[in-house]
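We did not get these values from a lab; they are worked out from the coordinates using the rules stated. Computed from a predicted model, the values in this text were never measured in an experiment. Note: ideal-geometry Cβ built from the backbone for every residue, glycine included; neighbour counts use all protein chains shown.
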Amino acid sequence: MEDVRITIKPDVRIGTISPRLYGHFAEHLGRCCYDGLFLKPTSAPVPNQKGFRTDVLEALKNMPMPLLRWPGGCYADHYHWRDGIGPKDQRPRRLGMSCGEVVEDDNSLGTHEFLWFCEQTGAEPYLAANVGTGSPQEMCDWVEYCNSALDTTLTRLRRANGAEKPFGVKLWGVGNENWGCGGNFDARDYALEYRRYATMLRHVDPHIELVACGFDEPWNRTLLQTLRHHLDTIDHLSVHRYWHGEGGELDPSEKVSYRLFTEASLTEAFVQQTADIIRVELGERRRVGVALDEWGIWHPEARLQFDPDKRGGPYEQVSTLRDALAAAIVLEGFHRQCRVLSLANLAQVVNVLHAPIQTRGAAMWRTPTYHVFQLHAPHIGATALEVEVHASLLPVSEELRCVTATASLDKEDNLTLTVLNLHLDQSASVHFGGTEGRVLFDAQLLTADNPLAHNSAEKPDAVVPQPIKATESTQGGYLVNLPKHSMATFRLKRR
Ligand code: AHR
C-alpha cells in the first residue's frame with residue numbers, strides 16, 4: 001500500500017471553475033442525437049417529452065450538463081438551419097453527413113427542439129454554424145432568428161414557430177475542423193473567411209461570443225496573426241483532443257491502461273500550449289480563451305463500420321471505469337487551467353464515443369464517466385485551489401503520479417476534494433490536510449474489482465458510487481484508504 005499526503009491550500013486560489021468547463025457535445029452522428037436523445041420513427045417507443053427520451057433528459061439534468069454544443073462536429077459544415085424549423089411534416093429530407101456517415105435526415109430535431117432541450121436540462125446552448133457549405137449571410141440569419149428582439153421577417157418566423165422571445169444564444173462556432181472535414185482550408189484562407197463571418201455577425205448581435213476554428217501550432221499562429229488587426233472578432237479558439245490509446249476498449253494490459261492515463265494527462269499540457277500561443281501572438285491586447293470543444297477517448301472499435309451484435313451504431317464503444325478515470329484526470333487539469341480554458345465539451349453526450357449515457361432500445365444506463373461528472377458537480381462554479389500531493393510515480397510514467405487530486409471552495413464556503421488512485425494493483429493510504437475548521441459531511445467512492453468494469457443494459461449499476469469512510473487524523477486532516485483504480489470525492493463544511 002502506498003502512503004500519500006495531500007495538502008489542500010485554501011488560500012492559494014487558481015480561479016473560478018466556469019460551468020462551461022463541464023460542457024457536452026451532441027452531434028447528428030450515429031445514435032447520439034437521433035435515437036439517443038431524440039426519438040426517430042424506428043426508435044423503441046419509450047416515454048418522451050416533445051420527442052426527447054425522458055430517461056436521458058432526467059439523467060442529464062442530474063449530471064448536470066451546464067453547456068451543450070450542437071449540431072456538429074463535421075455535421076455542422078453541411079447543416080442548413082432553415083431545414084430544421086417550421087412544421088415537421090414540411091421540413092426537407094436531406095443527407096445527414098458526418099465522419100463518413102451518410103444517412104437520411106428528416107430534420108425533426110432542429111433549432112427550437114434543441115433549444116427547448118437546453119432549457120429543460122439547464123444547459124447553455126452552443127451552436128456550431130456552417131462555413132463548409134454555408135455563407136456569412138446564412139449564419140447572420142441564424143443569429144438574427146435566434147437573438148433579435150426587433151420585428152423582422154425572420155423574427156416573425158421565429159414567433160410563428162412558437163418562440164415569442166429571443167433565445168439569446170451567446171456562443172457561436174464559426175465552422176468546425178475547417179482544416180479538415182469543414183472544407184480543407186489552409187490557415188490563412190480560413191482566417192480571412194472567419195474574419196468576414198465574424199465582422200458581419202458582430203453587426204447582427206454585438207453581444208455574441210465567437211469561436212474560431214483552431215488546430216495545430218502553425219495553424220493557430222497564422223490564424224491569430226491574420227486577425228491581429230481585427231482582434232475584436234475572436235473570443236475563443238477551438239481545439240480538439242482525442243486520445244486513441246493503444247490496444248482496444250477492453251484490452252486488459254496494464255501498459256495500455258497507463259498509456260491511456262498518460263495521454264489523458266497530456267491534455268492539460270495541450271491546453272497550456274494553446275494558451276501560450278494565444279498569449280505570444282496577442283499579448284495583452286485581447287483575452288481569447290481556449291475552447292476544447294471536443295475531447296475524450298476514441299477507441300479503435302468506435303468506427304463507422306460496426307458489428308451490430310456488439311454495439312448499437314457507428315462510433316460507439318464500451319465505456320469502462322478506466323475511461324472514466326481518464327476523464328477525471330482531464331477534469332483535474334481543467335481546474336488547474338481554468339484561467340485560460342474558457343469552455344470544454346466531452347465528445348459525445350449519448351451513445352457516440354466517450355458517452356456518459358448509453359441506450360439500447362428502451363434501456364438506458366449511465367456509464368462510469370457519467371458518475372465521474374456527477375461526483376465533480378460540487379466543483380462547478382467553485383474556486384479552484386492549489387493542492388500539493390506527495391505520491392510516487394505510476395509504473396511506466398515519468399510524470400504522472402499514482403495519486404492525484406483537485407480541490408475547490410464554493411460560495412457557501414464548502415470545500416470539495418477529489419482524489420484519484422490510478423494504480424492498478426495498489427491501494428493508497430491517503431492523509432489529506434488543509435481542512436482546518438471544517439468537518440467532512442459526504443464522501444463518495446467510484447471503483448470496481450476490475451478497471452474494465454462497465455455498465456450495460458443488463459447491468460446498469462455494475463459501477464456506481466458508494467459511500468467511503470474517512471477518519472479524522474490525530475494530526476489534523478483525514479485518513480482514508482483508497483482502493484486501486486478508484487476516484488473519491490470528499491465534501492467538507494465549516495464546523
Ligand atoms: O466527434 C466526432 C467527430 O470528431 C466530429 O464530428 C469532428 O469534429 C471530429 O473529428
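Numbers at a glance
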read-out	value
Local net charge near Val430, Cβ-Cβ under 14 Å (Lys/Arg +1, Asp/Glu -1)	0
Candidate aspartates and glutamates - alpha carbon under 20 Å from Lys50, same-chain residues fewer than 8 apart omitted	Glu27, Asp35, Glu58, Asp83, Asp89, Asp105, Asp106, Glu113, Glu119, Glu124, Glu164
Positive-end residue of His376, Ile357, Leu422, charge dipole of the stretch 348-446 with Cβ unit charges	Ile357
Folded to 0 to 90 degrees: helix 111-121 orientation relative to the chain principal axis, Cα	20
Sequence ranges 123-135, 447-459, 262-274, ranked by mean other-Cβ count within 10 angstrom, highest first	123-135, 262-274, 447-459
Rounded if a/c under 1.5, otherwise prolate or oblate - the stretch 18-381, Cα gyration tensor axes	oblate
Cβ-isolated cysteines (cut-off 4.7 Å), the chain	Cys32, Cys33, Cys99, Cys118, Cys140, Cys146, Cys213, Cys338, Cys402
Tilt relative to the chain, helix 187-204 - C-alpha long axis, 0 to 90 degrees, to 10	70
Part-to-part distance (alpha-carbon centres) for the stretch 313-368 and the stretch 129-164, which is given in Å	32
Normalised contact order of the stretch 18-381, rounded percent, pairs of Cα under 8 Å and 6 or more residues apart	20
Crossing angle, helix 217-226 versus the chain [Cα axis fit, 0-90 degrees, rounded to tens]	50
Charge tally in the Cβ shell below 10 Å around Asp442, where Lys, Arg are +1 and Asp, Glu are -1, Asp442 excluded	+2
